[in-house]
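Participant: One structure follows; several queries about it will come next.
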Amino acid sequence: MKELVHINKSSLRKWRLPMVVAALLLVVAGSLWLNTASFRSSFEITDELGGNIFPSSILSVATTDAQVIIPADSMYVGNPKSCISIRIRSGKAYSRIRIEVAGTPFFSRSVSEFVLAKPRTEYTIYPDIIWNYEALKNNNQAEPVSVAIAVDMNGKNLGQAVRTFSVRSLNECLLGYVTNGTKFHDTGIFFAAYVNEENPMIDQLLREALNTRIVNRFLGYQAGKPEAVDKQVYALWNVLQKRNFRYSSVSNTSLSSNVVFSQRVRTFDDALESSQINCVDGSVLFASLLRAINIEPILVRIPGHMFVGYYTDSNHKSKNFLETTMIGDVDLDDFFPDEQLDSTIVGKSQNQISRIAFDKSKEYANKKYNQHEEGIHSGKLNYMFLEISKEVRRKIQPIGK
C-alpha cells in the first residue's frame, strides 16, 4: 500500500511541470490572440442611405458646415459628409488605421489615416472622399458605381472590400431616411438646394419683367408698402406666364427603398428649357426669382402638394402665398369650380388674364395655408414650412447646373 502511494506522488510530480508550462502557453496564446484578432477580422462598407448617393445632398453642403445626414452610430471618426464609411472593430488601444478608397468617375482615389483610441471597440469611420463635383452635377440618371476600399490596421493588411452604390440623379431630392428600422429623419431642407437665386438666366427674366412696365425697378422690401412688394411679385408672375408653362405631374423616381425617400425636382434650367412644372418645380423656380430681388420666399409642403409663400415686409409680420401650378395654361374652373372663371376671361388680354390668375393664385394658396396651418408648423411627416433665409443659406447652398 505504501508503495502504491509513493508511485502516485511520483506521477503527480512528473506531470506538474508540463501542466504549468501548458497553462502559461495558453495565457500567452490568449494574449496574442486578443492583440491580433483584429487583423484576422473583416470590415464592411456602410452608409446611412441604403447604398444610395444623392448628388444634390453632397453639392448643397460642400462649402458649409451643415451636417444634415446624421451618423447612425455614436462611435464614429471622420467627416460624415463623406457619405461612405466602413465599420470595423479596433485592436489594441490607439490602433492606427489606413484607408485607401479607389477612384471612380464620381470621386478620385484617396488615402486617409485615423487613430482609434479605444481597444476592441466597433467604430464607424468616414474616410476622405474627393468628389468630382462636375460629374455629380451632370448626373441626370441613376447610375451604379463600385466602391472599392482597402484597409490596414497597425501595419497589417486587412484586404479589400467592394460594394455597389447607386448614384442618383441630380434631380432627386432626398426627403428623408430611416435608421434602426424605425427612426425617420426629415431632410426636407434639401429643397432649398433647388432654389437658385444665382442662376445666370435670372437677369434675363428680370429684364423681361421690367420691360412689361408693371414695375420700374425691383426694390424688394425697400419699396415700402406690402402692396408695392406684391406688385413686384406680380411682375415676376406675369413674365413667367408669358413663357407658356405647362403643368407636368412628373415627380416619381426609380428609387425603390424602404430606407430612403426622394422626389424628382426640376432645376431652374430644366424648368425653363422644358417649360414644364409641377407644384414643387414651380415653387422652387418662383422662390429663386423672389430671392434674387431680395424678397424672402417660403416653401410650404402639405401631404401631396407644395406651394410658395413670401413675406410682404422686412419684419416678416405679414405674408402671402401663391399656387404656382396656376402659372401655366390651366383651367381656373379646376381650382374654383363654383365660380365659372373660364367663361369670364373670354375676350380679355393676356395681361388681364395674368392678373386674374395671380389674384386667384393668392386666394387659393392662402386658403390652403389656413386650412393646414397647424400641420404645417407641427413638424409632422409630409409637412414643411421652409424659409429660404440667410440662416438656411448658411447650411444649404444652391446646387446650380
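Participant: Restricting attention to segment 346-381, and to residues there that are of a type in the set (S, T, Y) and in contact (Cβ under 8 Å) with a residue 24 or more places away in the chain, which single residue is farthest from L299 (Cα to Cα)?
Facilitator: Taking the candidates together, the pick is S354.
Participant: Out of G181, G188, G159, G176, which single residue is surrounded by fewer than 13 Cβ atoms within 10 Å (Cβ to Cβ) and touching a residue at least 12 places away in the same chain (Cβ under 8 Å)?
Facilitator: Answer to the check: G159.
Participant: Among the residues that make up segment 50-61, is at least one of them at pLDDT below 95, in contact with a strand residue (DSSP E or B) (Cβ under 7 Å, 6 or more places away or on another chain) and within 17 Å of F165 (Cβ to Cβ)?
Facilitator: There is at least one residue in segment 50-61 that is at pLDDT below 95, in contact with a strand residue (DSSP E or B) (Cβ under 7 Å, 6 or more places away or on another chain) and within 17 Å of F165 (Cβ to Cβ).
Participant: Does segment 323-343 contain at least one residue that is assigned to a loop (DSSP other than H, G, I, E, B), closer than 22 Å to V284 by Cα and modelled with pLDDT of 95 or more?
Facilitator: The answer is yes, given that some residue of segment 323-343 is assigned to a loop (DSSP other than H, G, I, E, B), closer than 22 Å to V284 by Cα and modelled with pLDDT of 95 or more.
Participant: Which ones in segment 87-114 are more than 20 Å from G159 (Cβ to Cβ), in contact (Cβ under 8 Å) with a residue 24 or more places away in the chain and out of contact with any helix residue (DSSP H, G or I) (no Cβ under 6 Å at 6 or more places or on another chain)?
Facilitator: The answer is A93, F107, S108.
Participant: Of all the residues that make up segment 262-288, how many are among the aliphatic types (A, V, I, L, M) and in contact with an Asp or Glu (Cβ under 9 Å, 6 or more places away or on another chain)?
Facilitator: Qualifying residue count, segment 262-288: 3.
Per-residue answers, yes or no, for (1) part of a loop (DSSP other than H, G, I, E, B); (2) among the polar types (S, T, N, Q); (3) crowded, with 18+ Cβ neighbours inside 10 Å; (4) at pLDDT below 95:
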residue	(1), (2), (3), (4)
V250	yes, no, no, yes
S254	yes, yes, no, yes
S257	yes, yes, no, yes
A271	no, no, yes, yes
V280	no, no, yes, no
S288	no, yes, yes, no
N294	yes, yes, no, no
R301	no, no, yes, no
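Participant: If you don't mind, there's one more thing I want to ask. Scan the strands (runs of 3 or more DSSP E) fully inside segment 58-124 and keep the ones with 2 or more residues being more than 27 Å from Q397 (Cα to Cα) and hydrophobic (A, V, I, L, M, F, W, C).
Facilitator: It comes to 85-89, 95-101, 110-116.
Participant: What pairs come up if the first residue lies in segment 255-280 and is at positive phi, the second is part of a strand (DSSP E or B) and at pLDDT below 95, and their beta carbons are under 7 Å apart, counting only those six or more places apart or on different chains?
Facilitator: Pairs that qualify, where the first residue is at positive phi and the partner is part of a strand (DSSP E or B) and at pLDDT below 95, are S275/R246.
The values are calculated or read from the model by the stated rules, or taken from the named source; none is laboratory data. Here the structure is a predicted model, which is why all the values come from computation and not from measurement. Cβ coordinates were reconstructed from backbone atoms using ideal geometry, including for glycine residues, and neighbour counts include every protein chain displayed.
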